[in-house]
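The values are calculated or read from the model by the stated rules, or taken from the named source; none is laboratory data. Here the structure is a predicted model, which means the values were calculated and not measured. Note: areas computed on protein heavy atoms with side chains; ligands, DNA, RNA excluded. Shrake-Rupley method; radii C 1.70, N 1.55, O 1.52, S 1.80 Å.
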Amino acid sequence: QVQLVESGGGSVQPGGSLRLSCAASGFPFSIRIMNWYHQAPGKNRILIAAISPDGISNLADSIKGRFTISRDNAETMVYLQANSLKLEDTGVYYCNVLHNGVDYWGEGTRVTVSS
């Protein structure tokens, strides 16, 4: 079965960095686009980063220049390097894949940015 397990969240001050990881299994990882979503407190979950099977990334304007998405097809891992964190980056970050027409989600990893 498809499994997505996020890790790497935590509490940081503004300007800090975190590296979020997503361990994926149960589907052909190397041919799937992988996504990261962000859900801020009280708001909808929104797509912030996507990476194609061959490593081409697409980032939301809100994170361009600060976050980087990457993947390791051999290890079936996807990463989100989050730098220069802002208060508004607080929330839960979810790994996502669309596989055979079904959206799969991890449990999320929580990031809190506060001074």
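A few notes on this one:
- Ordered from largest to smallest accessible area (heavy atoms of protein chains, 1.4 Å probe), the residues Leu98, Leu18 come out as Leu98, Leu18.
- Taking only protein heavy atoms and a 1.4 Å probe, the accessible area of the chain is 47% carbon and sulfur.
- Accessible surface calculations at 1.4 Å, restricted to protein heavy atoms, place the chain at 53 Å² per residue.
- Relative contact order of the stretch 62-115, defined on C-alpha pairs under 8 angstrom at six or more residues apart (%): 28 percent
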